[in-house]
Amino acid sequence: MVERNKEDGKSRLSGMVREAIAIVGPTASGKTRKAVALATKLKSEIISADSRQVYRGMTLGTGKDLKDYQDIPYHLIDICEAGEKYNLHRFLSDFHSAFEDVKSRNKLPIICGGSGMYVENALNGIRMPEVPRNEELRGSLEGKTLDELTELLKKQKTLHNSTDVDTIQRALRALEIEEYYRLHPKEAELSKKEAATPINAYIAGLEIPREARRRSITARLQSRLKEGMIEEVEGLLKKGIPAEDLIYYGLEYKFLTMYVIGKLSYQEMFTGLETAIHQFAKRQMTWFRGMEKRGLHINWYPYDMPDTEFTEAVIKDINM
């Protein structure tokens, strides 16, 4: 295990050969464009670390900006169907497969995304074992309410968010995983930061002033609505994806679905969505600042730094 230097906030990995570059920042800060510029210069490939860009058919609402990739190969985008429930467990499995795949071609993986929880766990080298269904456990829990299952889970782990307990099925799965970890302690250790081997990544963060971020978010929202984001949601509903599943994904899909099914007016949808995205961007920055406190050093760059200058600066820093 690699020790981290807590005194200066930097990892002691910094003196070793870099295994990856990660580009992070809040929504609308231009991460994809910067990642593509860097991948073009380094002849590399991009691994997305976004919790919603994994879904096929959810393009405008998740900000995939696929045209920006040009000829750069990318991974973990459009890998599952809209309506599925993707999670951190699946992401880490998919991430490590993609990471090893890119490295096998002697290329430096470039990780790009705004889902801080995904990025942080991936860079910390966290691996979660495959957990099979436990029919005996499920049978013993049959008939219990969501509240009862939530209380049982709280006795076994700290709930950092509500995604484990937003449905009975997800709560059952969370309890199933905790029981597996209890019975297989060695495998469970792999899911803990203390036992994992971190990836030696250079992390570049894009910093954007609050007012500039607000302007960028509003302009991008207006642009995507003109490009057909409402029609995208209408198409997903016509394919048979339940409205509640789209609402579950939050942000654009929550507000646009509620508008399409008549629960919100256009102005209510736009104002509510705009506010929600601003709040989301603020939460993203809070997470990234927390990452630094937890030992992952982020090198911050101005969001409006020209792509060429950004690329040169990152490469220079890596080669120091």
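The values are calculated or read from the model by the stated rules, or taken from the named source; none is laboratory data. Please read all numbers here as calculations on a predicted model, not as lab measurements. Every residue, glycine among them, receives a Cβ derived from its backbone with ideal geometry; neighbour counts consider all protein chains shown. Side chains included, ligands, DNA and RNA excluded: accessible areas come from the protein's heavy atoms. Shrake-Rupley method; radii C 1.70, N 1.55, O 1.52, S 1.80 Å.
Within the same chain, lysines fewer than 8 places from LYS43 are excluded, and of the rest, those with a Cα less than 28 Å from its Cα are LYS10, LYS31, LYS34, LYS64, LYS67, LYS103, LYS107, LYS316.
The fraction of accessible area contributed by carbon and sulfur in the stretch 96-227 is 50 percent, rounded to a whole number (1.4 Å probe; ligands and nucleic acids excluded).
A DSSP coil position with no more than 16 other Cβ atoms inside 10 Å describes the following trypsin sites (Lys or Arg not before Pro) in the stretch 217-250: LYS239. If R0 equals 56 Å, the separation of the Cβ atoms of LEU42 and THR145 corresponds to a calculated FRET efficiency of about 0.60.
At a threshold of 8 angstrom on Cα-Cα distance, excluding pairs fewer than six apart, so keeping six or more, what relative contact order does the chain reach in percent?
Computed over the chain, the figure is 28 percent.
Rounded to the nearest whole Hz, the Karplus-based 3J(HN,Hα) values (6.51 cos²θ - 1.76 cosθ + 1.60, θ = phi - 60°) of the stretch 186-199 follow the sequence 5, 5, 4, 4, 5, 8, 9, 4, 4, 9, 8, 9, x, 7, with x at glycine and proline.
Hey, for a label at ILE315 modelled as a point 7 Å past Cα toward Cβ, could you say which residues of the stretch 191-208 have their backbone N under 18 Å away? Zone members listed by number: 202-204. Output the antiparallel fraction of DSSP beta bridges having both residues in the chain, as a percent to the nearest 5. Within the chain, antiparallel bridges account for around 5 percent of the total. Extension gain for ILE168-GLN70 works out to 31.1 nm (0.36 nm per residue, less the C-alpha to C-alpha distance). Ligands, DNA and RNA aside, LYS41 has an accessible area near 130 Å² when probed at 1.4 Å. Applying a DSSP loop filter and a limit of 15 other Cβ atoms within 10 Å to the GluC sites (Glu not before Pro) in the stretch 16-85 leaves GLU84. Measuring spread by the Cα atoms of the stretch 128-225 yields a radius of gyration and Dmax of 20.1, 54 Å.
Is the chain best put as rounded, prolate or oblate by its Cα gyration tensor, with a ≥ b ≥ c the root eigenvalues, rounded for a/c under 1.5, and otherwise prolate when a/b is larger than b/c, oblate when not? Oblate, since a/c reaches 1.5 and b/c is not below a/b. Distant-in-sequence amide contacts of SER115, defined by a placed amide H-H separation under 5 Å and a gap of 5 or more residues or a different chain, comprise SER51.
Counting helices only, and only those DSSP H runs with n ≥ 4, report the 222 nm mean residue ellipticity of the chain as the sum of -39,500 (n - 2.57) divided by its residues, in deg cm²/dmol to the nearest 500.
-15500 deg cm²/dmol
Karplus-derived 3J(HN,Hα) values for the stretch 34-45, using 6.51 cos²θ - 1.76 cosθ + 1.60 with θ = phi - 60°, are 5, 5, 5, 4, 5, 5, 5, 5, 8, 6, 10, 10 Hz; glycine and proline are entered as x. Within the straight-line cut-off of under 14 Å between alpha carbons, the aspartates and glutamates reachable from LYS193 are GLU3, GLU120, sequence neighbours fewer than 8 places apart in one chain being disregarded.
Near ASP78, the amide H atoms lying under 5 Å from its own belong to VAL54, TYR55; only residues 5 or more places off or on other chains count, and H is placed 1.01 Å from N.
A straight Cα-to-Cα reach below 23 Å connects LYS144 with the lysines LYS85, LYS154, LYS155, LYS157, residues fewer than 8 places away in its own chain not being considered.
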